[in-house]
Amino acid sequence: MGSSDAPPASPIDFFISEKDEWNSLKKEIAERKTSVKGVVKVGVRRLASLMDEFGVPYYCKIDIEGVRRVDVWRIGPGARRQ
């Protein structure tokens, strides 16, 4: 599941690189030092909606290399573990 600024449930392209560590929502990143071997459509949701549904996690790793930094500030100061 990706997280994005796109409207909920809007499928977007996820680029599969020849090297797994370069798989990305950005084609330019997936093409780094290698080539793209495929593209799949993935559903996206805003991080806040995931937390609304599943609760605030103890730990959340977010890899946003090459993507606008929007999700972290969208969580808001009211996010608390239950």
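A short reminder: the numbers here are calculations on the coordinates, not readings from a lab. Note that this is a predicted model, so its numbers are computed, not measured. All Cβ positions, glycine included, derive from the backbone under ideal geometry; neighbour counts span all protein chains shown.
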Peptides 44-52, 20-28, 32-40, 57-65 ordered by average Cβ neighbours within 10 Å, highest first: 44-52, 20-28, 32-40, 57-65
Residue-by-residue Karplus 3J(HN,Hα) for the stretch 57-65, coefficients 6.51, -1.76, 1.60, Hz, glycine and proline x: x, 5, 9, 9, 9, 10, 9, 10, 3
Karplus (6.51, -1.76, 1.60) ³J(HN,Hα), θ = phi - 60°, over the stretch 24-34, in Hz, Gly and Pro reported as x: 6, 6, 9, 4, 4, 6, 5, 8, 4, 6, 6
